[in-house]
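K.L.:
Quick one: this structure, given as structure tokens, is what I'll be asking you about.
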Amino acid sequence: MDKSGTAGERDGVPRLIPVRMLNEFAYCPRLCFIEWVQGDFVDSADTVEGRYRHRRVDKEKGQASEDAFESFHSSSVYLSGVETGVIARIDLLEGRDGKVVPVDYKRGRIPDVPDGAYEPERVQVCAQGLLLRENGYTCNEGVLYFTGSKKRVVVSFDEELVARTRELIAELRVMAEKGNVPPPLVDSPKCYRCSLVGVCLPDEVNTLRSEVARVRNLYPGRDDFYPVYAVGHGFSIRSKGERIQISRDEEVVQSVPFREVSQLSVYGNSYLSLHTMKKLMGLGVPVCFFSYGGWFQGVSIGNVSKNVELRIRQYQTAFDPMQSLELAKQFVSGKIRNCRTLVRRNDDEVGRKVLGRFSRLVKRVEAADTVEVLLGLEGAAAQLYFSRFNSMLKEDHGFLFDGRNRRPPKDPVNAVLSYIYGVLVKELFVTLLAVGFDPYLGFFHRPRYGRPALALDLMEEFRPIIADSVMLRLFNSGQVKVDDFIYTGLGVSIKPKAKKKLLSVYERRMSMKVRHPVFGYSVSYRRILEVQARLLSRVLSGEIESYPAFVTR
């Protein structure tokens, strides 16, 4: 992978453009901007395979005759050129009689096009040739080696290709200096195999900007990875080859391949080896820590998103009262509408009068002109919503709900709600970190020491349809019983076995596919959390005007 510094200029010297990014820019300017300027990257099967194909040439080595200028053969050669304005790691460099030829390895087969290769690949190897010329070599052609065909394509550095290469270098530099993300491609077939399609959201952004009528399902509805939980005291979490192994009292209770883990959640006091921690961090897998009672305490993660621009915009928006209010209104409106839906689905006794009150509160929220008014309306909606909880709980299981209480919860229903809310806020905390946000600075929930305000903001619309729905499923299906709880004079806590049931139902909910009301495709709730977080980032970047809350029907 090409190396370079930070965006813009450093000590008055223009930033050198990685040659690989020139390839991306020729293919899709938006892809280049997201990956290079914003620092977002996501592996796909293609990128993993590409690294595997490069594994031999990625090791620096070389062979030369007594006169190195007569004949040499070197791999993984780093070069930079201020005049050309690029930096590159050349896969393979062949030289003879004072002339050199850069060889660039490409996965796949030779495309059936007139020049033997597409423009992005031809431009990339041409830029390497210009770099070699600047460093004193004679270079008139390059080679593209396609590993799928095991054949070479010779690329001649004629005047037309050289001019096009220099033109793209100049355009890329202007794009980076302006700092404005290019618009997404419209209905392009290029999006299907792009690893960053879940970051870019081309069809989603175009739909919200009314520039496309259909949204393609461009990525899998569910992740192939899944969370791993260690619930309780005394676990030992270690690496065993390529697997993460959880043991207690020298007995292995769970063993999972590292490559299948999306996150590790540790509840209570357990031992986590440093080697395992470093391996998870290297894979980008977050490790979330909770108290035994379920309070989210923090997260350990490798290099988080490099998108400094997004965090700057987040801070600017958070300190703008009107912009913050507009976002907060969408969060609260989405929450109330989803509360109404959950009540309508689960409360057989609810009448039109109650449902009408929910609808009127939504309209008043949308018209709120101060955050104080919004807080009052959100409180009124919560009071109305929780007043219907007993009607949503089946009476034959013996559980009653007498209002929301916590710290500590006074009854089993509140104990379960608090526990699930802690799990859900962790989910959004990790998602926001991955997107590039600061989870502690919100727009509705104001900053307070230790409170993940933005995670709580985004959680509002998902409380009813994820957390509260899980609670109702647990109680109404009889999966939790009275003896699953510990009753003390201070409050109620959940027994370890019941916590595992709770997390199991929660994970089934998160993996459940649901139809997105705006875009029409079906994806898991966990995937929807990421989509919503990325849409929020697109609002802050100015690409879309308002945040579309996720509202189920």
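K.L.:
List every residue pair whose Cβ atoms sit under 6 Å apart, with the two residues 6 or more apart in sequence or on different chains, where the first one lies in the stretch 504-524 and is over 14 Å from residue 226 (Cα atoms) and assigned by TED's automatic domain parsing to the domain that holds residue 420 and the second, anywhere, is charged (D, E, K, R) and part of a strand (DSSP E or B).
P.N.:
522/513; 522/515
K.L.:
Only one of these is more than 15 Å from residue 388 (Cβ to Cβ) and free of Cβ contacts under 8 Å to residues at least 60 places away in the same chain: 353, 329. Name it.
P.N.:
Values: 353 fails: more than 15 Å from residue 388 (Cβ to Cβ).
Exactly one residue qualifies, and that residue is 329.
Results for (1) within 33 Å of the chain's Cα centre (by Cα); (2) farther than 24 Å from residue 297 by Cβ; (3) modelled with pLDDT under 90, shown as yes or no for each residue.
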| site | (1), (2), (3) |
| --- | --- |
| 385 | yes, yes, no |
| 401 | no, yes, yes |
| 407 | yes, no, yes |
| 411 | no, yes, yes |
| 450 | yes, no, yes |
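K.L.:
Please enumerate the residues belonging to the stretch 484-541 that are in contact with a Lys or Arg (Cβ under 9 Å, 6 or more places away or on another chain) and of a type in the set (Lys, Arg).
P.N.:
Hits for the stretch 484-541 are 508, 509, 513, 515, 526, 527.
K.L.:
Given the condition surrounded by fewer than 19 Cβ atoms within 10 Å (Cβ to Cβ), among the hydrophobic types (A, V, I, L, M, F, W, C) and either out of contact with any helix residue (DSSP H, G or I) (no Cβ under 9 Å at 6 or more places or on another chain) or not in a helix (DSSP H, G or I) (or both), answer yes or no: does some residue in the stretch 472-484 qualify?
P.N.:
no
K.L.:
Assess whether residue 541 counts as being of a type in the set (Gly, Ala, Ser), at pLDDT below 95 and within 24 Å of residue 416 (Cβ to Cβ). Working first, answer last.
P.N.:
On the way: of a type in the set (Gly, Ala, Ser): yes; at pLDDT below 95: yes; within 24 Å of residue 416 (Cβ to Cβ): no.
Here the answer is no, as residue 541 does not meet what is asked.
K.L.:
Next question, about the same structure. Filter the stretch 469-506 for residues that are at pLDDT 90 or above, hydroxyl-bearing (Ser, Thr, Tyr) and farther than 19 Å from residue 390 by Cα and give the result.
P.N.:
If the condition is that a residue be at pLDDT 90 or above, hydroxyl-bearing (Ser, Thr, Tyr) and farther than 19 Å from residue 390 by Cα, then 504, 506 are the ones that fit.
K.L.:
Go through (1) of a type in the set (A, V, I, L, M); (2) assigned by TED's automatic domain parsing to the domain that holds residue 33; (3) surrounded by 15 or more Cβ atoms within 10 Å (Cβ to Cβ) for residue 154 and report which single condition fails.
P.N.:
Every listed condition holds for residue 154 apart from (3).
K.L.:
Based on what the data block shows, is residue 438 surrounded by fewer than 23 Cβ atoms within 10 Å (Cβ to Cβ), among the acidic types (Asp, Glu), in the same structural domain as residue 506 (by TED's automatic domain parsing) and over 32 Å from the mean Cα position of the chain (by Cα)?
P.N.:
Working: surrounded by fewer than 23 Cβ atoms within 10 Å (Cβ to Cβ): yes; among the acidic types (Asp, Glu): yes; in the same structural domain as residue 506 (by TED's automatic domain parsing): yes; over 32 Å from the mean Cα position of the chain (by Cα): no.
No, not satisfied.
K.L.:
In the set 83, 24, which member is in a loop (DSSP other than H, G, I, E, B), within 23 Å of residue 122 (Cα to Cα) and at pLDDT 90 or above? First the steps, then the outcome.
P.N.:
On the way: 24 fails: in a loop (DSSP other than H, G, I, E, B).
Going through 83, 24 in turn, the sole match is 83.
K.L.:
Listed residues 284, 294; which is under 17 Å from residue 430 (Cα atoms) and either touching a Lys or Arg at 6+ places or on another chain (Cβ under 8 Å) or part of a helix (DSSP H, G or I) (or both)?
P.N.:
On the way: 284 fails: either touching a Lys or Arg at 6+ places or on another chain (Cβ under 8 Å) or part of a helix (DSSP H, G or I) (or both).
Answer to the selection: 294.
K.L.:
Listed residues 164, 216; which is assigned to a loop (DSSP other than H, G, I, E, B) and surrounded by 13 or more Cβ atoms within 10 Å (Cβ to Cβ)? Walk me through it before giving the result.
P.N.:
Details: 164 fails: assigned to a loop (DSSP other than H, G, I, E, B).
On inspection, the qualifying residue turns out to be 216.
K.L.:
Next up: Name the residues in the stretch 257-268 that are surrounded by 15 or more Cβ atoms within 10 Å (Cβ to Cβ) and assigned to a strand (DSSP E or B), would you? Outline the logic, then answer.
P.N.:
Of the stretch 257-268, the ones surrounded by 15 or more Cβ atoms within 10 Å (Cβ to Cβ) are 258, 261-268.
If the condition is that a residue be surrounded by 15 or more Cβ atoms within 10 Å (Cβ to Cβ) and assigned to a strand (DSSP E or B), then 261, 262, 263, 264, 265, 266, 267 are the ones that fit.
K.L.:
Here is a follow-up. Which condition number does residue 315 fail, the rest of (1) more than 30 Å from residue 244 (Cα to Cα); (2) under 29 Å from the mean Cα position of the chain (by Cα); (3) assigned to a loop (DSSP other than H, G, I, E, B) being met?
P.N.:
The one condition residue 315 does not meet is (3).
K.L.:
Any residue that is more than 23 Å from residue 336 (Cβ to Cβ), within 25 Å of the chain's Cα centre (by Cα) and among the hydrophobic types (A, V, I, L, M, F, W, C) - is there at least one of those in the stretch 530-541?
P.N.:
Of all residues in the stretch 530-541, those more than 23 Å from residue 336 (Cβ to Cβ) come to 530, 534, 537-538, 540-541.
Narrowing the set further to residues that are within 25 Å of the chain's Cα centre (by Cα) leaves 530, 534, 537-538, 540-541.
Applying the additional criterion that residues be among the hydrophobic types (A, V, I, L, M, F, W, C) yields 540.
Within the stretch 530-541, one or more residues are more than 23 Å from residue 336 (Cβ to Cβ), within 25 Å of the chain's Cα centre (by Cα) and among the hydrophobic types (A, V, I, L, M, F, W, C).
K.L.:
Same structure, new question: Somewhere in the stretch 181-197, is a residue outside any loop (DSSP other than H, G, I, E, B), farther than 18 Å from residue 32 by Cβ and charged (D, E, K, R)?
P.N.:
Looking through the stretch 181-197, none of the residues is outside any loop (DSSP other than H, G, I, E, B), farther than 18 Å from residue 32 by Cβ and charged (D, E, K, R).
K.L.:
Next question, about the same structure. Can you find, within the stretch 284-303, the residue that is surrounded by the fewest Cβ atoms within 10 Å (Cβ to Cβ) among those that are at pLDDT below 85 and more than 21 Å from residue 420 (Cα to Cα)?
P.N.:
303
K.L.:
Would you tally the residues in the stretch 416-446 being more than 27 Å from residue 524 (Cβ to Cβ) and part of a helix (DSSP H, G or I)? First the steps, then the outcome.
P.N.:
Pass one, the stretch 416-446, residues more than 27 Å from residue 524 (Cβ to Cβ): 441, 446.
With the extra rule that they be part of a helix (DSSP H, G or I), the set shrinks to none.
Of the residues in that region, 0 qualify.
K.L.:
Given (1) touching a strand residue (DSSP E or B) at 6+ places or on another chain (Cβ under 8 Å); (2) within 30 Å of residue 540 (Cβ to Cβ); (3) surrounded by fewer than 20 Cβ atoms within 10 Å (Cβ to Cβ), where does residue 430 come up short, assuming only one miss?
P.N.:
Among (1) touching a strand residue (DSSP E or B) at 6+ places or on another chain (Cβ under 8 Å); (2) within 30 Å of residue 540 (Cβ to Cβ); (3) surrounded by fewer than 20 Cβ atoms within 10 Å (Cβ to Cβ), residue 430 violates only (3).
K.L.:
Determine, yes or no, whether residue 177 is under 30 Å from residue 17 (Cα atoms), surrounded by fewer than 20 Cβ atoms within 10 Å (Cβ to Cβ), in contact with a strand residue (DSSP E or B) (Cβ under 9 Å, 6 or more places away or on another chain) and not β-branched (Val, Ile, Thr).
P.N.:
Values: under 30 Å from residue 17 (Cα atoms): yes; surrounded by fewer than 20 Cβ atoms within 10 Å (Cβ to Cβ): yes; in contact with a strand residue (DSSP E or B) (Cβ under 9 Å, 6 or more places away or on another chain): yes; not β-branched (Val, Ile, Thr): yes.
Criteria met by residue 177.
K.L.:
Any chance the stretch 422-434 includes a residue that's over 21 Å from the mean Cα position of the chain (by Cα) and either under 23 Å from residue 204 (Cβ atoms) or hydrophobic (A, V, I, L, M, F, W, C) (or both)?
P.N.:
Within the stretch 422-434, the subset over 21 Å from the mean Cα position of the chain (by Cα) is none.
No - not one qualifying residue is present in the stretch 422-434.
The values are calculated or read from the model by the stated rules, or taken from the named source; none is laboratory data. All values derive from a computational prediction rather than experimental measurement. All Cβ positions, even for glycine, are placed from backbone atoms using ideal geometry, and neighbour counts span all protein chains on display.
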